[in-house]
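Input: a single structure, listed below in structure tokens.
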Amino acid sequence: MQNIAERYTGASVKRSEDPRILTGTGCYVDDVRLPGMLHAAFVRSPSAHARITGVDVTEARKLPGVIAVLTGEELDALTVRGPGAAGMFSAGLPMPSFSVLATDKVRLVGDPVVLVVAESRYLAEDACELVVVDYEELPAVITQEQALDPAGPPIFEDLGSNVLVRSPVATFGDVEGAFARADRVVRAELRQHRHQNVPMECRGVVCSFDLGSGELTVYSATQGVHIARTGFATQLDMPLEKVRVLAGDIGGSFGLKLGAAREDIACAAASRRLGRPIRWIEDRSENLTASGQARDESFEVEAAISNEGHILGLRVKMIIDTGAYPGLGGMLPEAVKGMIPGPYKIGALSFESTAVITNKASYIAYRGPWASETWVRERMIDLIAKELAMEPLEVRLRNVVTRGEPPLQMLTGRSLVGVTSRESLDRIAALVDVEAFRRRQAEARAQGRYLGLGLATYIEAAPGPRTPGGGGGIMGPEQMRLRLEEDGTVTVFTSQMPHGQSHQTTLAQIAADEFGVPFDQVRVVVGDTDVVPMGFGTGGSRSATMAGGVSLHGARALRAKVFEVAAHLFEASPEDMDLAAGAVSVRGVPARAVPLGEIARAAHEPGRVPRDLEGDLEVTAEYDGGEGGWAGGTHAAIVEVDVETGQVRIERYLVAEDCGVLINPAIVEGQVRGGVAQGIGAVLLERSAYDPDSGQYLSSTFMDYLIPTACEIPRIEIEHIETVPLDADVNFRGVGEGGMIIAPPTLCNAIEDALSPMGVRVTEQHLPPCRILELIGAIALDP
Amino acid sequence: MKPPPFDYSAPTTLDEALALLLEHGEDARPLAGGQSLVPLLSFRLARPSHLVDLAGISELGSIVVDDGHLVIGAMVRERAAERHDDVRLLAPLLAQALPLIGHPAIRSRGTIGGSLAHADPAAELPAVALLLDAELVAQSRDRGKRTIKAADFFSGFFTTALQPDEILTEVRIRRPALRTGSAIEEVARRHGDFAMVGAAAMVRLEDGKIADARVALTGVSDIPVRATEAEAILEGAEPTDEAFATAAEEAAKSLSPPADLHGSSSYRRHLATVLMRRTFKLAAQRAKEAA
Amino acid sequence: MSTFDVELTVNGTPRQGSVEPRRTLADFLREDLGLTGTHLGCEHGVCGACTVLVNGEPARSCLMLAVQARGADILTVEGLANNGVMNPLQQAMWESHGFQCGFCTPGFLMQITALLVENPNPGEEEIREALSGNLCRCTGYESIVNGVLRAAGHDGSPPEPRH
């Protein structure tokens, strides 16, 4: 038995998830086996934009082993049209009408058109090849220019154009004045390229409709079971109580697996039609082509600056490519606008944006969806530094806010309470020794070697400071149920849905500490809508605060309730109760301790305790985030660019980060490194590429969509900045998304620094070797 | 991503295998290591009606030394060749190339013959075979054995001189002459990926001058190519950096490499220049050390 | 299409099934033998999640047909622990917080098993190179490398927070 005198919070406690992960006994959605289960595959559009003029499934239906073939029209009749998962993010935006599978037209390569259900995936794919769909090609709308062209074919006829929304110019502060008194204006057109989540596990679902009970059970890989449940219930026109969503182990998501996807709804409807379970496991081509993509934005930026490097004002125009079916893209500019000042003293800001629709996969959430604000700002700061021949670190130090001094708020409104950006910059400066690096850089250049140093600073709302309207970040307060069992263990029911975040460990650490039992006596239950509290699930870098906080307060509340019950049994006062070594006693009388389990049993026995304490020894807790707070930090990278091949080697990567009090340092550092790895991948390797003429998706296999391997990601040095506690108890902040937000600009800044002798100005985030040689002029830009 | 249906045989002799290929015609294909063929099946880009698995034919699985030639059976796994002493001694360029092929899990199954017969323009082994003037032995039931020079073997994009009823049985590599050094280098997006461009070079020195220089390039065409202009310029020349640079630049002028998501045509031409220069230099250095 | 009988040894136990030739070894293990520890991440031989040992050598089970494995001796992730007791590699990965979502884990464990047989004391570069054919999206690889170093007898412990 573990020694419960030690404190778990703050220690790198070994994960309780690992025994099953390491022995291959976890249960991912592709591992679910139900009697009579059938297998689904989709016929998908080979064309980016076309009208469907005919669908012939006769031959497919005849293939032995095929149980059903459902066309878009047939599924449309079995389901309710709706925005699906995108509905979460689309309040107030124009919403086109579209069916679960394509009926009138296809709007991207990979758009699902027909569902085949067969005895095996092999047979289902055979049958898919027998389906004949007639397409009348339409011009593909692929580039922003094509989408903005009013003469272009509207992808959704009922919207009339491919401009989803144009937001009017928003201004903060005196923008005109700032530009009028500026010593200089630095301008840039910055491009953030499309790339995507790519978890190692693709999407998947097993839908099982029971004809007898009229209940739908869904096994899903999803970040939030309740949101998925609502999606299924809505689009199948079923009462919520008849839908149960379960999730077991999930092989990563990073924002992809939210809500009920169109394919999920199709499988659920088919299961209801057939009365049999249907499994759909997305394959990697489907995942890369059609599941959704992210980060497709371009910016025109002007910075009004003083000769001392102060940023007097910014003008920002943003265009975001939201893809075909509605996703997150339409509302994202709001988040970018709000965050773009970051932890800096920006004097004024004007911001306008346009969201366009194109024949591409939907723009979805990907680990820090608003990250382009940091990309734009941190790139501009380096361009400003270049303009003034100043060190980028110095420009940052001159503009970053200092805690306790004005401004106490971001220009766009949010409080900057507790921000430690300056401290993180100072720490990175101490770790890097910029002057020494500049000497080394100069020596290397003399030998024809190109080293570069880049750094970047960010903050993220994890969950963000308390707002006047209440805390909890954008997804509301967090609930948790905690129950003492008759065997003396504590069961924690959380709406969190971990998919790599290790909540079954971290939340147990906190609950164990606050309740007073060993870590292995706490069991965290996730992923069952019948049992876990309502809530968003996991995402948005909020769980450390929200779930950590409700775990802390809930465990205390459970302890108090246990003491109340025990007090009755001891005929003493709750204040006199003590808990040690798994038993409760009157303080000072340890010999007459009662094991925890017996206390729980007593509460079940009629008459032993007052009515209001009878029953399960359980509390339901809710937490609104308390004072909340920011996470953030500064990253730095030292790179070497091989100017003969364009390859980039990262010599050193450093992180100085503040994510509040660490629940489990190893887990925190794992999140940071994983995020940074994705950021490195974005710059050097990953691009969701479309042919601009045909709209064909070019990155549809792992030979073309490249994610980094162990040879591309360096050791990452991590220093934790001492956090500013804002709350009496809960100062854990989220850390899931930060690495991915800040790594791309860090690396781009380093690459530009390495190539500055060639006068390279980096305005795009994707810098594969070919592009680097084009930028330095070593090769021509081919047409 | 599941393969379409096909039939399968697992012969234990070469004669059986050849008879099966003849019997099932053009839609039958030999199955070697499967590291290239199985993904094509999974993508449904290849749709053979019948696979003839060569793994059970023990006579295809050995490495022997025969009269100064290294003879590698077509079904020798790349990993086995990598570990084999005779390969290191008698075909150092091959030994240098093998670890560049994919990853250990690929090489444990992938075969020497399979890679050559698949003829991926980005693959290392076809370029090595071309550079070493390897002899590839093919056999059919009706026409027996024939020896095909590497220069004649690779005819086009994923196309070789093999007839549909032929199986590649072995590759013969002559041991290098004295005072020869070799080098292979490639530029890939990630470690273990197919090269965007690769160069394999050999240099033989005599009296401090280059008696023979050769270089083969991958990724610049639909087949591996010998950069003969470079080879001609270097014959008899001093092994200097300038000579290698000049040779590489001249040879690159005649290249029209393909463009794709990973690199433009200009980029590949540029890489070819860089890699020819680097591999010539390293090969010459090794030739000096071998003396 | 005819089916073929496949007899092989998996994790030390004789197993068998009857399959179409097109059935991959990965699907045979997962579907026919119920060994779902081996995962499918791409089905085209790049991600390595499906890695198993075939006659002691690492192989991508999505790039093998089940019929090619007749008579073979296969080791999957389910065969690493002994009666529920994790082996030293698994213990080391646990202590080093090697993994997060766990989907890539079985493939890594099998590849690392093969690496440590061939090279019981690999250096960091060798480890990264040997594992470059296994993709992980969660960890950035450092914790995995630490776990391998720990399994090889070095200190791969997770960090104390540095302030």
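The values are calculated or read from the model by the stated rules, or taken from the named source; none is laboratory data. These numbers come from a predicted model, not from an experiment. Neighbour counts are summed over all protein chains in view; Cβ atoms, including those assigned to glycine, are modelled from backbone coordinates with ideal geometry.
Results for (1) assigned by TED's automatic domain parsing to the domain that holds residue A:256; (2) within 26 Å of the chain's Cα centre (by Cα); (3) outside any strand (DSSP E or B); (4) basic (Lys, Arg), shown as yes or no for each residue.
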position	(1), (2), (3), (4)
A:539	no, yes, yes, no
A:551	no, yes, yes, no
A:556	no, no, yes, yes
A:560	no, no, yes, no
A:567	no, no, yes, no
A:575	no, no, yes, no
A:592	no, no, no, yes
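Restricting attention to the range A:692-709, which residues are facing another protein chain (nearest Cβ under 10 Å) and in contact with a strand residue (DSSP E or B) (Cβ under 9 Å, 6 or more places away or on another chain)? A:698, A:699, A:704, A:705, listed by residue number. Given the condition under 27 Å from residue A:249 (Cβ atoms), more than 14 Å from chain C (Cβ to nearest Cβ) and either out of contact with any Ser or Thr (no Cβ under 8 Å at 6 or more places or on another chain) or in contact (Cβ under 8 Å) with a residue 40 or more places away in the chain (or both), answer yes or no: does some residue in the range A:59-68 qualify? Among the residues of the range A:59-68, not one is under 27 Å from residue A:249 (Cβ atoms), more than 14 Å from chain C (Cβ to nearest Cβ) and either out of contact with any Ser or Thr (no Cβ under 8 Å at 6 or more places or on another chain) or in contact (Cβ under 8 Å) with a residue 40 or more places away in the chain (or both), which makes the answer no. Considering B:83, B:109, B:77, B:88, the condition of being of a type in the set (D, E, K, R), surrounded by 23 or more Cβ atoms within 10 Å (Cβ to Cβ) and outside the structural domain of residue B:259 (by TED's automatic domain parsing) is satisfied by B:109 alone. Restricting the search to helices (runs of 4 or more DSSP H) fully inside the range C:58-163 and requiring at least 3 residues that are in contact (Cβ under 8 Å) with a residue 60 or more places away in the chain and more than 7 Å from every other protein chain (Cβ to nearest Cβ) gives C:88-95, C:105-118.
To keep it simple, each residue is scored yes or no on (1) at pLDDT below 95; (2) surrounded by 24 or more Cβ atoms within 10 Å (Cβ to Cβ); (3) within 28 Å of residue A:195 (Cβ to Cβ).
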{"residue": "C:66", "(1), (2), (3)": "no, yes, no"}
{"residue": "C:77", "(1), (2), (3)": "no, yes, no"}
{"residue": "C:86", "(1), (2), (3)": "no, no, no"}
{"residue": "C:107", "(1), (2), (3)": "no, yes, yes"}
{"residue": "C:117", "(1), (2), (3)": "no, no, no"}
{"residue": "C:126", "(1), (2), (3)": "no, no, no"}
{"residue": "C:152", "(1), (2), (3)": "no, no, no"}
{"residue": "C:159", "(1), (2), (3)": "yes, no, no"}
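Of a type outside the set (S, T, N, Q), modelled with pLDDT of 95 or more and not assigned by TED's automatic domain parsing to the domain that holds residue A:495: is that true of residue A:643 in this structure? Considered against the rule, which asks whether it is of a type outside the set (S, T, N, Q), modelled with pLDDT of 95 or more and not assigned by TED's automatic domain parsing to the domain that holds residue A:495, residue A:643 comes out as yes. Considering only residues of the range B:18-37 that are assigned to a helix (DSSP H, G or I) and touching a Lys or Arg at 6+ places or on another chain (Cβ under 9 Å), which is nearest to residue B:113 (Cα to Cα)? So the residue we want is B:37.
Contact map, the range A:736-761: residues that are under 30 Å from residue A:547 (Cβ atoms) and in contact (Cβ under 8 Å) with a residue 12 or more places away in the chain paired with residues that are part of a helix (DSSP H, G or I) and among the aromatic types (Phe, Trp, Tyr), Cβ distance under 8 Å, separation 6+ or inter-chain. Pairs shown: A:744/A:375; A:745/A:375.
Within the range A:118-131, does at least one residue satisfy the condition of being under 35 Å from the mean Cα position of the chain (by Cα), without any contact (Cβ under 8 Å) to a residue 24 or more places away in the chain and outside the structural domain of residue A:238 (by TED's automatic domain parsing)? The answer is no; no qualifying residue exists. Hey, can you tell me all the residues within the range B:82-108 that are without any contact (Cβ under 8 Å) to a residue 12 or more places away in the chain and within 14 Å of chain C (Cβ to nearest Cβ)? Passing the criteria: B:83, B:105. Is it fair to say residue B:63 is crowded, with 18+ Cβ neighbours inside 10 Å, within 14 Å of chain C (Cβ to nearest Cβ) and farther than 30 Å from residue A:703 by Cα? Considered against the rule, which asks whether it is crowded, with 18+ Cβ neighbours inside 10 Å, within 14 Å of chain C (Cβ to nearest Cβ) and farther than 30 Å from residue A:703 by Cα, residue B:63 comes out as no.
The residues in the range A:710-738 that are within 7 Å of another protein chain (Cβ to nearest Cβ) and either of a type in the set (Phe, Trp, Tyr) or part of a loop (DSSP other than H, G, I, E, B) (or both) can be counted, and the count is 6. Could you list, in sequence order, the residues of the range B:183-196 that are at the interface with chain A (Cβ under 9 Å from one of its Cβ atoms) and β-branched (Val, Ile, Thr)? Matches in the range B:183-196: B:187 only. Can you say whether residue B:182 is modelled with pLDDT of 95 or more, hydroxyl-bearing (Ser, Thr, Tyr) and surrounded by fewer than 22 Cβ atoms within 10 Å (Cβ to Cβ), as far as the supplied structure shows? For residue B:182, the condition - modelled with pLDDT of 95 or more, hydroxyl-bearing (Ser, Thr, Tyr) and surrounded by fewer than 22 Cβ atoms within 10 Å (Cβ to Cβ) - is not met. Scanning the range A:108-165 for residues that are of a type in the set (A, V, I, L, M, F, W, C) and assigned to a loop (DSSP other than H, G, I, E, B) turns up A:108, A:109, A:131, A:138, A:140, A:141, A:142, A:151, A:155, A:156, A:159.
Considering only residues in the range B:1-42 that are of a type in the set (Val, Ile, Thr) and surrounded by fewer than 21 Cβ atoms within 10 Å (Cβ to Cβ), the one that is nearest to the other protein chains (Cβ to nearest Cβ) turns out to be B:12. Among the residues examined, residue A:768 does not qualify as farther than 27 Å from residue A:442 by Cα, surrounded by fewer than 24 Cβ atoms within 10 Å (Cβ to Cβ) and within 14 Å of chain B (Cβ to nearest Cβ). For the range A:36-53, the criterion of being free of Cβ contacts under 8 Å to residues at least 40 places away in the same chain and assigned by TED's automatic domain parsing to the domain that holds residue A:112 is satisfied by no residue at all. In the range B:236-269, which residues are in contact with a helix residue (DSSP H, G or I) (Cβ under 6 Å, 6 or more places away or on another chain), assigned to a loop (DSSP other than H, G, I, E, B) and of a type in the set (Ser, Thr, Tyr)? Listed by number, the list holds a single entry, B:264.
Okay, residues lined up against (1) facing another protein chain (nearest Cβ under 10 Å); (2) in a strand (DSSP E or B); (3) touching a Ser or Thr at 6+ places or on another chain (Cβ under 9 Å):
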| site | (1), (2), (3) |
| --- | --- |
| C:15 | no, yes, yes |
| C:26 | no, no, yes |
| C:29 | no, no, yes |
| C:45 | yes, no, yes |
| C:53 | yes, yes, yes |
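Return yes when residue A:683 is hydrophobic (A, V, I, L, M, F, W, C), assigned to a helix (DSSP H, G or I), more than 7 Å from every other protein chain (Cβ to nearest Cβ) and within 26 Å of residue C:127 (Cα to Cα) and no when it is not. Against the criterion (hydrophobic (A, V, I, L, M, F, W, C), assigned to a helix (DSSP H, G or I), more than 7 Å from every other protein chain (Cβ to nearest Cβ) and within 26 Å of residue C:127 (Cα to Cα)), residue A:683 qualifies.
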